[in-house]
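The next block holds one structure in the form of structure tokens; read it before the comments.
Just so it is clear, none of the values below were taken in a lab; they were calculated from the coordinates. Note that this is a predicted model, so its numbers are computed, not measured. So basically every Cβ, Gly included, is an ideal-geometry build from the backbone, and we count neighbours across all protein chains shown.
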Amino acid sequence: MIPPSPFLCVITDDAFCPVTIAELALKGGAAIIQLRHKSASGSQLFSWAVEISKLCQKYRGLCIINDRVDIAMASGADGVHLGQKDMPADIARKLLGKKRIIGVSASSLEEALQAEKDGADYIGFGHIYPTYSKEKGFPPLGPETLQNTAALLSLPIIAIGGINIENAASLISCGAAGVAVISAVSRTDEPLMAARELVSAIKRKYS
């Protein structure tokens, strides 16, 4: 089950140890850790997934595996996050069953609605702002597109892309259930403090 809004999702960075970042982010209040590492072997991903799943159990967070349904199943993770070029959510659901979480990346209302139809549990929507975490073939969507899309979906939306301490809270106001970050936590000198400050920022307005 997706955490109550608002919440922070921290996506691991290829340049840093995912387990270390996961533990610091969880200590800082992150509710979801998404294990993403494009260059790691399957065995390395599985090992990290097992460790992060245990950490998430300890800190009452959720462990979501990027792309790899097989590793999500084998490691005991809470679910999987799929891109538009990955396995469709309805096929993943048949493999994962009803208890595990399925998230789907979307960059348009049409993609989000299709994911909702296919049985996804949440939408990762973006990129909202310019981001350098990976190549993008389209301009930033912006808060207005996020707000318009959220209004037409019944699924929770996690905003992603260029999110930091200055803009995170405004995206919750636009209808996002949570925000997902990479560099705003992973590429800071103090990931624990960065996560804590982000969580405080998005929750302050609603306390």
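Numbers below:
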quantity: Point-charge dipole on Cβ atoms (K/R +1, D/E -1) for the stretch 7-204, about Cα centre, debye to 20; calculated: 520 debye
quantity: Cut-off of 10 Å, at most 10 other beta carbons, DSSP loop: longest stretch of the chain lacking such GluC sites (Glu not before Pro); calculated: 1-134
quantity: Selection from G29, L141, Q114, by position along the positive dipole direction of the stretch 7-204 (Cβ); calculated: G29
quantity: Structure-derived Cα Rg over 2.2 N^0.38 Å - corresponding label in (i) 1.05; (ii) 0.92; (iii) 0.99; calculated: (ii)
quantity: Only Lys, Arg (+1) and Asp, Glu (-1) charged, at Cβ; the stretch 115-207 dipole about Cα centre in debye; calculated: 140 debye
quantity: Computed helical MRE - 222 nm, the chain, DSSP H runs ≥ 4 contributing -39500 (n - 2.57), nearest 500; calculated: -12000 deg cm²/dmol
quantity: GNM top mover of N164, N148, N66 - the chain, alpha-carbon springs below 10 Å; calculated: N148
quantity: 20 Å Cα-Cα threshold exceeded, pairs from K99/K203; K85/K117; K38/K85; K94/K117; K54/K99; K58/K94; calculated: K99/K203; K58/K94
quantity: Highest to lowest packing among 180-187, 32-39, scored as the average C-beta count within 10 Å; calculated: 180-187, 32-39
quantity: Under the Debye formula (equal points on every Cα, no solvent term), log10 I(q)/I(0) of the stretch 17-77 at q = 0.13, 0.14, 0.26, 0.29 Å⁻¹; calculated: -0.27, -0.31, -1.05, -1.27
quantity: Dipole of the chain, positive direction: furthest Cα of M1, F125, A168, with charges on the beta-carbon; calculated: M1
